[in-house]
Amino acid sequence: MRLRITEIFFSLQGETATVGIPTIFIRLTGCPLRCQYCDTAYAFNGGTFWNIDDILQEITKYKTRYVTVTGGEPLTQPDCIHLLNKLCDQNYIVSLETSGALSVQNVDPRVVKILDIKTPGSQESSRNDFRNLDYLTEQDQIKFVICDRDDYIWAKDILNQYQLVPAKKVLFSPSHQQLSADKLAQWILDDGLPVRFQIQLHKYIWGDVPGR
């Protein structure tokens, strides 16, 4: 079993409910989506093939139990499921960042799934597979990247349509350099939405660079 890997790096978690925690990131290569705000287009192609055992050995050099498998879209590679299983078996605290366009049905239940629902502003909202919501558990999280006021209203409608809050952990993020953080924060406060506002912490620390 092997996977095409763009990079393996150690950084602070920049998003989600574990923001700020030192985390190992395993970035898989390839993605079928082309979101207009994508900040990891360098992971669309290239990469290097790694055996899963070699990946597990590589990450032992880092002093943390938190691992995030990301992309690209990790689930485009079938052996991603096996990597997630192996990481959990090694007692890592594992999260998966996925676009929501591919089924998460077979993802190990020990993995925290971060499901990104694509807004119209992403230009990929037609790729959302809302059946994935049926496979989420209490530990999983749903993320919306908000590009503008229309995206915000659309996301609120999705919350209501699928009754996502307060039953699910929902994250709202402003699209970096497209929507100001203070605007989104104020909209959330004005409406009293029971969601978690977040920014991409790593970009405020290091900027928009690979491996961070």
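The values are calculated or read from the model by the stated rules, or taken from the named source; none is laboratory data. Predicted model, so just to flag it, every value in this text is computed and none were measured. Methodologically, a virtual Cβ is constructed for each residue, glycine included, from the backbone with ideal geometry; neighbour enumeration extends over all protein chains shown. Each accessible area value is taken on the protein alone, full model and side chains, heavy atoms only, with ligands, DNA and RNA left out. Shrake-Rupley method; radii C 1.70, N 1.55, O 1.52, S 1.80 Å.
Accessible surface of the chain, 1.4 Å probe: 47 percent of it comes from carbon and sulfur atoms. The charge dipole of region 93-212, taken about its Cα centre with unit charges on the Cβ atoms of Lys, Arg (+1), Asp and Glu (-1) only, comes to about 240 debye. Counted by Cβ distance under 12 Å from His82, the other residues give a net charge of -2, where Lys and Arg count +1 and Asp and Glu count -1. Looking at region 97-187, the GluC sites (Glu not before Pro) that sit in a DSSP loop and have at most 12 other Cβ atoms within 10 Å of their own Cβ are Glu138. Of the chymotrypsin sites (Phe, Trp or Tyr not before Pro) found in region 77-146, no site is in coil according to DSSP while having at most 16 other Cβ atoms within 10 Å of its Cβ.
Find out how many positive minus negative residues lie around Gly47, taking Lys and Arg as positive, Asp and Glu as negative, among other residues whose Cβ is under 15 Å from that of Gly47. Cβ neighbours under 15 Å give a net charge of -2. Based on C-alpha pairs under 8 angstrom that are at least 6 apart in sequence, region 1-87 has a relative contact order of 38 percent. Compute the separation of the alpha-carbon centres of region 1-39 and region 144-180 and state it in Å as a whole number. If we compute the Cα centre of each part, the gap is 21 Å.
Only lysine pairs 8 or more places apart or on separate chains count here, and in region 103-212 those with Cα atoms under 18 Å apart total 15.
Other residues whose C-beta falls under 14 angstrom from the C-beta of Asn106 contribute a net charge of -1, scoring Lys and Arg +1 and Asp and Glu -1. Over the chain, all Cα pairs binned in 5 Å intervals from 0 give whole-percent P(r) values of 1, 7, 16, 20, 21, 17, 10, 5, 2, 0, listed from short to long.
When the dipole is taken about the Cα centre of the chain, and only Lys, Arg (+1) and Asp, Glu (-1) are charged at their Cβ, what size is it in debye, to the nearest 20?
Numbers: 22 positive and 25 negative charges, 67 e Å.
Value, rounded to 20: 320 debye.
Mean sequence separation of contacting Cα pairs (under 8 Å, at least six apart), scaled by the length of the chain, corresponds to a relative contact order of 19 percent. The residue list Gly30, Thr18, Ile8 was ranked by how far each Cα lies along the charge dipole of region 1-145 toward its positive end, using unit charges on Cβ atoms, and Ile8 comes out on top.
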